[in-house]
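Q: Sharing a structure below in structure tokens format, with a few things to ask.
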Amino acid sequence: CGYATDPNYPDKLINLIKQYKLFKYDEGISESAITSHEFVTKNNISDGTKPYDFTTREEVWVMIYRLYKFLNKQ
């Protein structure tokens, strides 16, 4: 929700994490996340890029539509 004295604190912190690739120190990726990533990329539901970035509504709509198309061709 932010830091009390700086309304831009969350954005600054996220930018530092990205700039210095600090996410590499996070614990390993779960098997579920790996399996999910493989599924959505293999089935063209998502391109699989930017796993740590925020998602726009437009991107969510596209993924929902692609999932709908995938499920209806089964």
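The values are calculated or read from the model by the stated rules, or taken from the named source; none is laboratory data. Nothing here was measured: the structure is a model prediction, and the numbers come from that model. So basically every Cβ, Gly included, is an ideal-geometry build from the backbone, and we count neighbours across all protein chains shown. The area values use the complete protein model at the heavy-atom level, side chains included, leaving out ligands, DNA and RNA. Shrake-Rupley method; radii C 1.70, N 1.55, O 1.52, S 1.80 Å.
Q: Go through the range 1-48 and give me each residue that's polar (S, T, N, Q) and assigned to a loop (DSSP other than H, G, I, E, B).
A: 5, 8, 30, 43, 44, 46
Q: With the requirement that a residue be open to solvent by 80 Å² or more (accessible area, probe 1.4 Å) and either farther than 24 Å from residue 34 by Cβ or in a helix (DSSP H, G or I) (or both), what does the range 49-74 give you?
A: The answer is 57, 58, 61, 64, 65, 66, 68, 69, 71, 72, 73.
Q: Show the residue pairs that are 6+ apart or on different chains and have beta-carbon atoms under 6 Å apart, the first residue being within the range 50-74 and farther than 26 Å from residue 10 by Cα, the second being of a type in the set (A, V, I, L, M, F, W, C) and open to solvent by less than 100 Å² (accessible area, probe 1.4 Å).
A: The qualifying pairs are 63/45; 66/45; 67/45.
Q: Let me ask you something else. Being surrounded by fewer than 11 Cβ atoms within 10 Å (Cβ to Cβ) and either modelled with pLDDT of 85 or more or within 30 Å of residue 67 (Cβ to Cβ) (or both) is the filter here; which residues of the range 1-19 pass it?
A: Within the range 1-19, 8, 16, 19 meet the criteria.
Q: Taking the conditions exactly as written (under 22 Å from residue 17 (Cα atoms) and among the polar types (S, T, N, Q)), does residue 30 satisfy them or not?
A: Taking the combined requirement at face value, the residue satisfies it.
Q: Only one residue in 23, 39 is more than 30 Å from residue 70 (Cα to Cα) and either of a type outside the set (Asp, Glu) or modelled with pLDDT under 85 (or both). Which one?
A: On the way: 39 fails: more than 30 Å from residue 70 (Cα to Cα).
Exactly one residue qualifies, and that residue is 23.
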